[in-house]
2 protein chains.
Amino acid sequence: KLYFHDSIMTVIKPNEKENFLKVFDHLNKEVLDNLESYNLPKDGKVHIKELIQATVPNGKMNRGMTVLSSYASLVNRDLNAEEIFKANTLGWCVEWLQAFFLVADDIMDGSITRRGQPCWYRRESVGLNAINDSFILESFIYKILKTHFRTETYYVDLIELFHEVSFQTELGQLMDLITAPEDKVDLNRFSTLKYRIQPIILHIYFIFRHAYIVQYKTAYYSFYLPIALSMLMAGIKNPKAYRDAQDILLPLGEYFQVQDDYLDCYGDPEVIGKIGTDIMDNKCSWLINQALILCSSEQKKILEENYGKKTSANELKVKKVFEEINIKQIYEAYEEASYKKIEGLINQLDGTILPKDMFFTFMKRIYKRKK
Amino acid sequence: KLYFHDSIMTVIKPNEKENFLKVFDHLNKEVLDNLESYNLPKDGKVHIKELIQATVPNGKMNRGMTVLSSYASLVNRDLNAEEIFKANTLGWCVEWLQAFFLVADDIMDGSITRRGQPCWYRRESVGLNAINDSFILESFIYKILKTHFRTETYYVDLIELFHEVSFQTELGQLMDLITAPEDKVDLNRFSTLKYRIQPIILHIYFIFRHAYIVQYKTAYYSFYLPIALSMLMAGIKNPKAYRDAQDILLPLGEYFQVQDDYLDCYGDPEVIGKIGTDIMDNKCSWLINQALILCSSEQKKILEENYGKKTSANELKVKKVFEEINIKQIYEAYEEASYKKIEGLINQLDGTILPKDMFFTFMKRIYKRKK
Ligand SMILES: [Mg+2]
Ligand SMILES: [Mg+2]
Ligand SMILES: [Mg+2]
Ligand SMILES: [Mg+2]
Ligand SMILES: [Mg+2]
Ligand SMILES: [Mg+2]
């Protein structure tokens, strides 16, 4: 018995991560060996080897490992070694895609660290060459697909899915990037507008825009892509099944981001593994957006004076306003409503193609998370 | 009679460019209309519209227009309107690919202008967001292929060809980028090396490396890709035919780059449309590489003191050394040898699949060029 399908999302076998990493070693060796056919000079090979090592295998790997677990849930039987290898290979393609986007995102955001290490572009020998490096990471996705899926009937569908989800992610990044930082958390943006709109309406417009960004730049590739890959591998052809999956997974992705914002402020640092800095970093988080809707003009003044400032005294004042408007209760209400909504969506599934069970286990795992 | 196949590379019908641009208008409208299905906010649409307009249609379009001309030569009959449209669509995919690479290349090189305009990334509202913009340009290639070639038997081959050529271009860029600028034209690189190698051997090693960069970062996508696309469209399946095409087109691409370097210094500015600046810009051109092989130690000293300096007095001194070593004659010998070599390669073709004629006309067009 190679894989126990029923408990995929909740029970992670002790060696699941280890197995997943073994597949990485295999694929990594394969793509590096393949460079031989391009007569690439030694220093080029060394560069690519370091690039992959620094950017692909060091994440949480949740996205990548979801392909196998959801495939197991879909076919609902024991899996053979080849199936496990292939599902994990697709999982690594998701991780490679993420590496491609994160290398570039860190340059565009001017980020300092990623996964506890200096960002790739900040290495002295790299700099803006990291742009071309991100292209190389992307290219490896299609090399891996070609090597392992060329003869499958769903090969074209795999390629098109990666193209489509990449494009969606790029649209999300675009909207994120052209929504100027001042707009994002300029608490004064209502008063500086020339035309007169009720601030609350404008703010709600902004929240919709923010939801668009979250859905496009994160939810498609993080939530929809791994499940859709497992569906392709399971031979599911009906387009309705893919739309159904999206209808559930995109709201789940949005909830996940709200939760991320909440945990940044109220999660246990011991548990989430870092001390949240969203308030000091002037981040456009769900919390500040809610606070702006619900605050009085006195509270708004406090938020204006303290949000995005670098001392913990400022941070405390912001947190005090959050508490005054009962943000925890609002979050709990949101969480409850969101859970009900997604539960309703899953129950509406006819359940013949996509097992409700797969989504419920996925959802429960996320709704319970404290990190 | 829609297209006169026999004269493809030499006689350009007066409206050829105009027709090609009409296809651009069609494709451009199509990809912009397609954004509706992504609910992209207005400012996102405006951004993408400007991005495409600024980076895709303003080049010389030689690469793009070659697909139709070489397709006509391959099938050797009159073409119908659909065939012309499809070949030109593939041609625009080449131009879109180039836009993707040039937007990124200009950032990495810190370039100022491109095609007579400020580079895309230098617009005030763009900056490093141009990285994500380059991804978006790439994504449109696959959208266009999907819209117009999804049902063709060679659809997968088109996608794989674009993936492969993109990867080759990225490897060329990588080698170009990690060959440090000082290495490229540090005329002292021989003396600073710790280990003792005959300078001439080291220099020849460097010339090989330079040839690798030229082949990978330029020749595959500029010379091989357009012809290979027309071959796929013409239904050619034999892998040997594609290897044969490469064996001719890659050396042709290398010659083209040498010629480009030569014309920068010795072309008629009236004809090439710009005043060459390679000497002042410290460029690693074919001329300086030859000069370094052939100069005396006195001449080398003059090159060291004047190459890459910004006054025309310096430039003149470099040019004087070039003349002393008879660079024009060396170039002419190179051109002659290169012509003979490629002529020989074409004559070795059996000519049943690929018409020799197609390559000869292509070659003659390039060997005669004064701009
Ligand atoms: Mg970022
Ligand atoms: Mg970002
Ligand atoms: Mg966060
Ligand atoms: Mg450049
Ligand atoms: Mg460059
Ligand atoms: Mg030049």
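Computed from the coordinates by the stated procedures, all read-outs in this text should not be read as laboratory data. Values in this document were obtained by computation on a predicted structure and should not be read as measured data. Cβ sites come from the backbone with ideal geometry, for glycine too, and all protein chains shown count toward neighbours.
For the listed residue pairs B:Lys143/B:Lys217; B:Lys60/B:Lys320; A:Lys42/B:Lys146; B:Lys17/B:Lys240; B:Lys217/B:Lys364, the alpha carbons are over 28 angstrom apart in B:Lys60/B:Lys320; A:Lys42/B:Lys146; B:Lys17/B:Lys240.
Across all directions, the shadow cast by the convex hull of region A:47-109 built on its C-alpha atoms averages 5.1 square nanometres.
Among B:Arg150, A:Arg63, the order by Cβ neighbours within 10 angstrom, fewest to most, reads B:Arg150, A:Arg63.
Shown for the protein assembly as shown is the translational diffusion coefficient from the Stokes-Einstein equation, using the Kirkwood radius over Cα pairs, a temperature of 37 °C and a viscosity of 0.692 mPa s: 114 µm²/s. Taking a straight line from the alpha carbon of A:Lys317, these aspartates and glutamates sit under 12 Å away, with near neighbours fewer than eight places off in the same chain left out: A:Glu304, A:Glu305. Straight Cα distances below 19 angstrom link B:Lys328 to the aspartates and glutamates B:Glu254, B:Asp260, B:Asp261, B:Asp264, B:Asp268, B:Asp278, B:Glu315, B:Glu336, with same-chain residues fewer than 8 positions distant left out. Taking every residue in A:35-42 and counting other chain Cβ atoms within 10 Å of its Cβ, the average works out to 3.
If you wrap the Cα atoms of region A:287-343 in a convex hull and average its projected area over all directions, you get 4.2 nm².
Distant-in-sequence amide contacts of A:Arg114, defined by a placed amide H-H separation under 5 Å and a gap of 5 or more residues or a different chain, comprise A:Cys119. Projecting label points 7 angstrom from Cα along Cα→Cβ for B:Asp268 and A:Ser125 puts them 4.9 nm apart. Look at the alpha carbon pairs under 8 Å that are at least 6 residues apart: their mean separation over the length of chain B gives a relative contact order of 17 percent. Computed over chain A, the per-residue total of -39500 (n - 2.57) for DSSP H runs of n ≥ 4 gives a 222 nm mean residue ellipticity of -22000 deg cm²/dmol, rounded to 500. In nanometers and ordered shortest first, the copy-to-copy spacing of the A:Pro269 label point, defined 7 Å from Cα toward Cβ, is 6.4. Per residue, the Cα convex hull of chain B amounts to 155 Å³. Peptide A:209-216 has a mean of 2 when you count, residue by residue, the C-beta atoms of other protein chains within 10 Å of its C-beta. Here each label is just a point 7 Å from Cα along the line to Cβ, and for A:Ser111 and A:Val156 those points are 3.6 nm apart.
Under a model in which nothing but the beta-carbon of Lys, Arg (+1) and Asp, Glu (-1) is charged, the protein assembly as shown shows a dipole of about 260 debye around its Cα centre. Given their separation in residues at 0.36 nm each and the Cα-Cα distance between them, A:Glu36 and A:Asn326 gain 98.3 nm when the chain is fully extended. Span-like helix criteria (full DSSP H runs; alpha carbon extent of at least 24 Å along the helix axis; mean Kyte-Doolittle hydropathy of at least -1.0) are satisfied in chain B by B:16-34, B:81-109, B:130-149, B:155-178, B:239-266, B:327-348.
Farthest toward the positive end of the dipole of the protein assembly as shown, out of B:Ala245, B:Asn306, B:Ala291, is the Cα of B:Asn306, where the dipole comes from beta carbon charges about the Cα centre.
Each of B:Thr66, A:Thr151 was scored by other Cβ atoms within 10 Å of its Cβ. Listed from fewest to most, they are A:Thr151, B:Thr66.
Over region B:226-371, Cα pairs under 8 Å with separation of 6+ residues give a relative contact order of 28 percent. Mean projected area of the Cα convex hull of region A:244-371, taken over all directions, amounts to 8.3 nm².
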